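The values are calculated or read from the model by the stated rules, or taken from the named source; none is laboratory data. Everything numeric in this text was worked out from a predicted model, so none of it was measured. Ideal geometry is used to build each Cβ from the backbone, glycine not excepted, and the neighbour counts take in all protein chains shown.
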Amino acid sequence: MTDRDAAIERAELTTGVSPAVAIEELVSERPESPWRLTWRRFLRHRLAVVSAVFLLALFVTALLAPWIAPYDPNAIDLQLAQFGRPASPSLAHPMGSDQVGRDLLSRVIHGSRVSLAVGFLATGFAIVVGTVLGAIAGYAGRWVDMAIMRVADMMLAFPPLLFLMAVLVGVRPSALTISLAIGVINWMYVARLVRGEFLTLRTREYAEAARAIGVPTWAIIFRELLPNAMGPIIVAATLSIPAAILTESTLSFLGFGIQPPTASWGNMLQNAFTYLRDYRAWWMGFYPGLMIALTVLAFNFVGDGLRDALDPRSRID
Amino acid sequence: MEPTGPRRDQPLSAPAGGDELLRVEELRTYFFHRGTTVRAVDGISYQLNRGEVLGVVGESGSGKTVSGLSLLRLIDSPPGRIVGGRIWFDGQELLSLTEAEMREIRGNEIAMIFQEPLTSLNPVFTVGDQIVEALVLHRGMTKAQAREEAISLLARVGIPNPAERFKAYPHQLSGGMRQRAMIAMALSCRPKLLIADEPTTALDVSIQAQILELMKELQRDFRMAMIFITHDLGVISEVCDRVNVMYAGRIVEQGTTPQLFTSPRHPYTWGLLDCLPKIDEPRRQRLTPIIGQPPNLARLPSGCTFHPRCPYAWEKCRVEEPPLFRLPEGQTVRCWLYEPSRAEAPVRLIAREEIEVRRVVDHRPLLEVQGLVKHFPITRGILQRKVADVVAVDGIDFTVNRGETLGLVGESGCGKTTTGRLVLRLLEPTAGTIRFDGVDLRSLKGDQLRSFRRRMQIVFQDPFSSLNPRRTVGSIIAQPIEVHRLAQGREVEERVRHILERVGLNPVYANRYPHEFSGGQRQRIGIARAIAANPDFIVLDEPVSALDVSIQAQIINLLQDLQLELGLSYIFIAHDLSVVRAVSDRVAVMYLGKIVELADNAEFYGNPLHPYTKALLSAVPRIDPARRGARQRIILPGDVPSPINPPSGCRFHTRCPYRFTPCDKIEPRLRDIGSGHFVACHLYDPEFAEQAGLAGKAVPATEAVVGSPGQG
Ligand SMILES: Nc1ncnc2c1ncn2[C@@H]1O[C@H](COP(=O)(O)OP(=O)(O)OP(=O)(O)O)[C@@H](O)[C@H]1O
Ligand code: SF4
Ligand code: SF4
Ligand SMILES: [Mg+2]
């Protein structure tokens, strides 16, 4: 028996598997999983972490609004707002009241439901439609790609606000209809992004390997490649939520959005406008405005944090 | 014999006079990552004389590049740092210089060139401007002088139309031209020392031969010392005077080139030499790989770092680290076998298993390809108007018999990969027929084709992009089994475990992700996926090109074993002619989308006929120190022409040393000139025999060099 055989046998005795494996086992260590790495990178982003905590608190508040809000958001209290003068912030009403004495804190809390619902629904719609169409366009190429992307280009050419107002004049504005409408004007951005990802993903050798195995095309697109495009899609989603929230606020502000008396941050802001001029009731606009700004900022910070964390090129040292 | 180990307690010796240019003492460069220390270079010492060429050889990750960068103090810090040692260069100690003084040395006294010149040339400046800048900066020339000098340098490194190319941006040049431009830039300041890090690894053999020739010539003319870093022992044998063999950040053997090849001493060197397929040895069933894989530099094994892979290791090796022993012949070796107190001289085991090729070739064709053509249209503008065609494959015929391996070789861009994809119908052919087991593949549609795919598989070159990073190894291998419903439920898992074991991987790896594996292991996973559905036929597209030589031998053995065991037929695509010799039954050479020669393995290597084949074979660097310089080499001029507008007549006529009258007008057909040896060249066509006889005798018709390199 040669020494080489002896070495092989030793390796086999110690581990019970083939020698190459045994030795690999001895010398290699498990690297960190990609998700753990992503998580650690995200945690290094201070602002993103703080923002994520803020958003979490906001979700909980929105979810538990009826129990958390100190008053009924639509309860009118004419004692409080005498002669239609908004009551300024006090201990009982920390954010003051509006011209009919409704508690602004309660309205801000309930308004968060509308903002978040629209943000998520609209984004969800845009992401699903955009991802499916973008993935098909990018993977199939040629005329399929041409057709889908021309439609997207056409829709991009529409002025978005005009489109929304036109639609919302026709249908009754609710969180759902507004979300769908906002989704309709946003899926193209997602589709473009996803198409770009798929243009490179489809040339990856593992896509070719799947084809060579005989995996059906839909499974290659959605089961092989899509998980590899999730990083950018998640980032796009996080960044499109605040955009949808802003759009909803704008619509409500212009009177095309959620109709009073249901509270939304946008229609509260619009309502505040008159009283800011006549009564210097700054609190009526300040708090809803602050919430819009904070929420939008927080989503953007989280999006930035995710972008860095999901980028395989960024490193931890 | 006396150990020449670490001598840190001795006073610093002044640099020796005479011819010594560089002396490195106990150099250590570490990288610090998240609490671990990667000892990339761990106490290396060597010296180099003026005008001498030192080779540094070792597998990837052995510290070759870092040792080169350390000489220039180009280590990124953090995470890296030179933590110890001395570098004496021309009377100065480099590690004690200030950064400003060091800048004077870099580019001026010591220059470095890299494997991929694109990354070291600035993409936004023209090649000429970059050389001019160096000349103005380091040699104090005026702009006009520098311009003239730059053009003459470009001419000196063999760039045609230097005044024209002066204005080219790096991406506008071919790989070979870029490497020449990089060399011109490195030489612009007449350095005393040139460090070349794998300068020819990214190039095709015919271009590699040109660049090696050029470097040897320049090194002689400029009397420049050179450190030549490479993993290719053939290259070492051709250009170097002395060699350092590196393993895990240390030098394990040092000696002259003839010593290294005629009387290697270290078990690792033995392993390296044994695991290489040799172009001048007939085909064998198995190569002799080095077992295991290179160690993790952050967790080096105890004692001798090579002991987990060393067939000679004994107790002492695991515990104590060997020093460098100096042998009477002047070689130094880091291995306990050479401890002076050991009585018996070490015996090198007969490593190569003399197993004859066992073949079960059935002479009924499994795959028959006729008139296969693939054009890729180049389109412009929004209307996608077709402006030209890339002629990737242009009418090729071949067959693959059952149980046989057809080797497919040729330089980059000649259409090898496209051919492989076409026969699997991963690409739609422009024309031609493909019959697989009698079935016309092009007539299959949709589901029919998909179920046919069970029988034909592919293994890719790049072990990193060929595995889906989001799937576990188990689910990657299970995929073909599930798609073709070959098993259900637990039975799938059972089969996956069995296949993993079969390709030499631990079955517990099934729930790990691809990024947790090394290149060689990933290639095993790719092979496991390919065999999972019991195919008959596999296209192997450069399956070992991305791997280190020791791992390459493991994979080649695995592929050959699987072939015999499962009765597989292969198309083995490669650019390395030695590897192809080791694995193929028959070999086909492609040039610009055409097969120019096809013959049985022994016939092909023993009696190559086509001028292109001859040139390719002669360009392969060989381990043959005795005949170094005496070997006649055919160095082809220029680059492979563009496949967009391939040359008329014989496509090779622009570079062919034997070109004669009909060559640029009439296209030669691939003809059987006897016993299955096919050649497409007018020299072997009876119709042109008379003229060919004249051409054969005449001086080669182009400026091709048929020279005897390496003398001087
Ligand atoms: N999808 C494509 N579109 C356009 N041109 C292509 C495409 N695929 C390949 N080509 C071109 O076809 C020619 C042949 O390519 P192919 O990849 O088959 O060469 P190869 O011999 O495998 O080269 P290498 O050794 O570099 O792998 C090349 O000029 C290449 O640029
Ligand atoms: S010291 Fe021991 S383990 Fe290391 S190379 Fe020599 S024999 Fe092998
Ligand atoms: S046909 Fe002419 S140009 Fe072509 S290889 Fe033969 S001799 Fe050379
Ligand atoms: Mg290829």
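Out of the residues in the stretch B:411-463 that are closer than 14 Å to B:Gly593 by Cβ and of a type in the set (A, V, I, L, M, F, W, C), which is nearest to the other protein chains (Cβ to nearest Cβ)?
B:Leu427
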> Which ones in the stretch A:90-145 are basic (Lys, Arg) and surrounded by fewer than 20 Cβ atoms within 10 Å (Cβ to Cβ)?
Replying inline: A:Arg113, A:Arg142
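Scan the stretch A:175-216 residue by residue and report those that are of a type in the set (Lys, Arg), in contact with a helix residue (DSSP H, G or I) (Cβ under 7 Å, 6 or more places away or on another chain) and within 11 Å of chain B (Cβ to nearest Cβ). Show your work before the answer.
Of the residues in the stretch A:175-216, the ones of a type in the set (Lys, Arg) are A:192, A:195, A:202, A:204, A:211.
Subsequent filtering for residues that are in contact with a helix residue (DSSP H, G or I) (Cβ under 7 Å, 6 or more places away or on another chain) retains A:192, A:195, A:202, A:211.
Passing the criteria: only A:Arg211.
What about B:Gln554, is it of a type in the set (S, T, N, Q), surrounded by 22 or more Cβ atoms within 10 Å (Cβ to Cβ), closer than 18 Å to B:Ile476 by Cβ and in contact (Cβ under 8 Å) with a residue 24 or more places away in the chain?
no
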>> Please go through (1) away from ligand 4 (no atom under 16 Å from the Cβ); (2) in contact (Cβ under 8 Å) with a residue 60 or more places away in the chain; (3) surrounded by 20 or more Cβ atoms within 10 Å (Cβ to Cβ); (4) not aromatic (Phe, Trp, Tyr) for B:Asn506 and return the number of the only condition it doesn't satisfy.
In response: (2)
> Since B:Arg455 meets every condition but one in (1) among the charged types (D, E, K, R); (2) modelled with pLDDT of 90 or more; (3) within 16 Å of ligand 4 (Cβ to nearest atom), which condition does it not meet?
Replying inline: (3)
> Out of the stretch B:529-549, which residues are away from ligand 1 (no atom under 16 Å from the Cβ), away from chain A (no Cβ under 11 Å) and closer than 30 Å to B:Asp232 by Cα?
Replying inline: B:Asp548, B:Val549
>> Which of the numbered conditions does B:Ser465 fail, given that it passes all the others? Conditions: (1) touching a helix residue (DSSP H, G or I) at 6+ places or on another chain (Cβ under 8 Å); (2) in contact (Cβ under 8 Å) with a residue 24 or more places away in the chain.
In response: (2)
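Residue-wise test of (1) farther than 30 Å from B:Val205 by Cα; (2) at pLDDT below 90; (3) within 16 Å of ligand 3 (Cβ to nearest atom); (4) part of a strand (DSSP E or B).
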position	(1), (2), (3), (4)
B:Leu372	no, no, no, yes
B:Phe376	no, yes, no, yes
B:Leu383	yes, yes, no, no
B:Ala388	no, yes, no, yes
> Cβ-Cβ below 6 Å, separation at least six or inter-chain, first residue in the stretch B:252-271 and within 14 Å of chain A (Cβ to nearest Cβ), second more than 16 Å from ligand 1 (Cβ to nearest atom): which pairs?
Replying inline: B:Pro267/B:Cys310; B:Pro267/B:Tyr312; B:Tyr268/B:Tyr247; B:Tyr268/B:Val252; B:Tyr268/B:Phe306; B:Trp270/B:Pro264; B:Trp270/B:Arg348; B:Gly271/B:Ile290
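Condition check ((1) surrounded by fewer than 23 Cβ atoms within 10 Å (Cβ to Cβ); (2) of a type in the set (A, V, I, L, M); (3) within 14 Å of another protein chain (Cβ to nearest Cβ)) across all residues:
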position: A:Ala237; (1), (2), (3): yes, yes, no
position: A:Leu246; (1), (2), (3): yes, yes, no
position: A:Leu251; (1), (2), (3): no, yes, no
position: A:Gly255; (1), (2), (3): yes, no, no
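For every residue, the table says whether it meets (1) under 28 Å from B:Leu187 (Cβ atoms); (2) at pLDDT below 85; (3) not in a loop (DSSP other than H, G, I, E, B).
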site	(1), (2), (3)
B:Ala14	no, yes, no
B:Phe32	no, yes, yes
B:Arg39	no, no, yes
B:Ile44	yes, no, yes
B:Gly55	yes, no, yes
B:Gln115	yes, yes, no
> Restricting the search to the stretch A:192-235, which residues are β-branched (Val, Ile, Thr) and surrounded by fewer than 18 Cβ atoms within 10 Å (Cβ to Cβ)?
Replying inline: A:Thr200, A:Thr203, A:Thr217, A:Ile234
>> If I ask for residues that are in a helix (DSSP H, G or I) and without any contact (Cβ under 8 Å) to a residue 40 or more places away in the chain, which ones from the stretch A:160-180 would you list?
In response: A:Leu162, A:Phe163, A:Ala166, A:Val167, A:Gly170, A:Thr177
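Does B:Gln92 satisfy being surrounded by 20 or more Cβ atoms within 10 Å (Cβ to Cβ) and of a type in the set (S, T, N, Q)? Steps first, answer last, please.
Details: surrounded by 20 or more Cβ atoms within 10 Å (Cβ to Cβ): no; of a type in the set (S, T, N, Q): yes.
Considered against the rule, which asks whether it is surrounded by 20 or more Cβ atoms within 10 Å (Cβ to Cβ) and of a type in the set (S, T, N, Q), B:Gln92 comes out as no.
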> What about B:Thr419, is it part of a strand (DSSP E or B) and either on the phi > 0 side of the Ramachandran plot or more than 16 Å from ligand 2 (Cβ to nearest atom) (or both)?
Replying inline: no
> How many of the residues making up the stretch A:69-89 are exposed (fewer than 15 other Cβ atoms within 10 Å of the Cβ) and either of a type in the set (Gly, Ala, Ser) or under 28 Å from the mean Cα position of the chain (by Cα) (or both)?
Replying inline: 2
>> Restricting to the stretch B:291-313, count the residues that are more than 8 Å from every other protein chain (Cβ to nearest Cβ), at pLDDT 85 or above and part of a loop (DSSP other than H, G, I, E, B).
In response: 5
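Looking at B:Arg524, B:Arg485, B:Arg497, B:Arg470 in this structure, which one is assigned to a loop (DSSP other than H, G, I, E, B) and more than 7 Å from chain A (Cβ to nearest Cβ)?
Working: B:Arg524 fails: assigned to a loop (DSSP other than H, G, I, E, B); B:Arg497 fails: assigned to a loop (DSSP other than H, G, I, E, B); B:Arg470 fails: more than 7 Å from chain A (Cβ to nearest Cβ).
Exactly one residue qualifies, and that residue is B:Arg485.
For the stretch B:638-665: of the residues being part of a loop (DSSP other than H, G, I, E, B), within 8 Å of ligand 3 (Cβ to nearest atom) and hydrophobic (A, V, I, L, M, F, W, C), which is nearest to the other protein chains (Cβ to nearest Cβ)? Reasoning before the result, please.
In the first step, residues of the stretch B:638-665 are kept if they are part of a loop (DSSP other than H, G, I, E, B); the result is B:638-660, B:665.
Within this subset, residues satisfying the condition of being within 8 Å of ligand 3 (Cβ to nearest atom) are B:649-653, B:656-660.
Retained after the next criterion (residues that are hydrophobic (A, V, I, L, M, F, W, C)): B:650, B:652, B:656, B:660.
On the way: B:Cys650: 33, B:Phe652: 31, B:Cys656: 35, B:Phe660: 43 Å.
If we take residues in the stretch B:638-665 being part of a loop (DSSP other than H, G, I, E, B), within 8 Å of ligand 3 (Cβ to nearest atom) and hydrophobic (A, V, I, L, M, F, W, C), then B:Phe652 is nearest to the other protein chains (Cβ to nearest Cβ).
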> Quick check: anything in the stretch B:601-615 in contact with a strand residue (DSSP E or B) (Cβ under 7 Å, 6 or more places away or on another chain), of a type in the set (A, V, I, L, M) and either farther than 20 Å from B:Asp685 by Cβ or crowded, with 23+ Cβ neighbours inside 10 Å (or both)?
Replying inline: yes
>> Residues that are crowded, with 22+ Cβ neighbours inside 10 Å and not in a helix (DSSP H, G or I): does the stretch B:169-187 have at least one?
In response: no
> Inside the stretch B:507-521, can you point out the residues that are within 11 Å of chain A (Cβ to nearest Cβ) and in contact with a Leu (Cβ under 7 Å, 6 or more places away or on another chain)?
Replying inline: B:Pro507, B:Tyr509, B:Pro514, B:Gly520, B:Gln521
